[in-house]
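Written out below as structure tokens is the structure these notes cover.
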Amino acid sequence: MKKQLFLLISLISLQSCIHWEDDDVVYESNYNPIVQTREVFENSIELQSARPVSNAGKIYVKDQFLFINEKEEGFHIYNNQDPENPEAISFLKVPGATDLAIRGNTIFVHHYVDLLSIELNLITNEILTMTRTSDVFPQLNSPDGFEAAYFDVSADKIIVGYEPKN
């Protein structure tokens, strides 16, 4: 019993010899944020003509329509009435979009920090209504794990990406 107690006390006292991280070390990100003013950011949504898919993400089906996410860029919209020959209709440009949900005729899209609800007329290829709920999601963190708050970006700017420091 004395041996075990001595061993336990020795192990506890040896723990003080272990070098833990130095609290005085200042860590720095290897990236600079790419920012947009809220006005530019909010005006970046548009319905464009169809284009080829190059970096496909999730696929959604609603009635006879097919939505294919172009990662971080938006959504390709197809008429899928003939599944063997889907017809490209348009491209919904939503920079930073990675996901959407559809309820009824409303499309909900994640647009960096905001949540958009969009109604489209896919026959005339136009956006009928678009509602934006601001600051629903947090700003993007840097690729090396630094939170957006580290970069001290003003409230009227949105982080839309990061670039490596030179």
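The values are calculated or read from the model by the stated rules, or taken from the named source; none is laboratory data. From a predicted model like this one, the values you see are computed outputs, not experimental measurements. Note: ideal-geometry Cβ built from the backbone for every residue, glycine included; neighbour counts use all protein chains shown. Accessible surface is based on the protein model in full, side chains and every heavy atom, while ligands, DNA and RNA are left aside. Shrake-Rupley method; radii C 1.70, N 1.55, O 1.52, S 1.80 Å.
Points worth noting:
- Looking only at residues in the stretch 25-51 that are part of a loop (DSSP other than H, G, I, E, B) and open to solvent by less than 60 Å² (accessible area, probe 1.4 Å), the one that is farthest from Thr131 (Cα to Cα) is Ser29.
- All positions within the stretch 82-97 that are part of a loop (DSSP other than H, G, I, E, B) and open to solvent by less than 50 Å² (accessible area, probe 1.4 Å): Val94, Pro95, Gly96, Ala97
- Restricted to the stretch 30-63, and to residues there that are more than 20 Å from the chain's Cα centre (by Cα) and charged (D, E, K, R), the residue that is modelled with the highest pLDDT is Arg51.
- The numbered conditions (1) buried (at least 16 other Cβ atoms within 10 Å of the Cβ); (2) in contact with a His (Cβ under 9 Å, 6 or more places away or on another chain); (3) under 27 Å from Asn32 (Cα atoms) are all true for Leu100 except (3).
- Qualifying residue in the stretch 112-133 (condition: open to solvent by less than 70 Å² (accessible area, probe 1.4 Å), farther than 24 Å from Asn30 by Cα, in contact (Cβ under 8 Å) with a residue 24 or more places away in the chain and part of a loop (DSSP other than H, G, I, E, B)): yes
- Hey, Ser54 touching a residue at least 12 places away in the same chain (Cβ under 8 Å), crowded, with 16+ Cβ neighbours inside 10 Å and not aliphatic (A, V, I, L, M) or not: no
- Selected residue (only one of Phe91, Phe146, Phe108, Phe151 is of a type in the set (Phe, Trp, Tyr) and either under 16 Å from Gln36 (Cβ atoms) or in contact with a helix residue (DSSP H, G or I) (Cβ under 9 Å, 6 or more places away or on another chain) (or both)): Phe151
- Across the stretch 76-93, the qualifying residues are those that are of a type in the set (A, V, I, L, M, F, W, C) and in contact with a Gly (Cβ under 9 Å, 6 or more places away or on another chain), and the one among them that is farthest from Leu116 (Cα to Cα) is Phe91.
- Check on Glu73, more than 30 Å from Tyr27 (Cα to Cα), of a type in the set (D, E, K, R), surrounded by 14 or more Cβ atoms within 10 Å (Cβ to Cβ) and free of Cβ contacts under 8 Å to residues at least 40 places away in the same chain: yes
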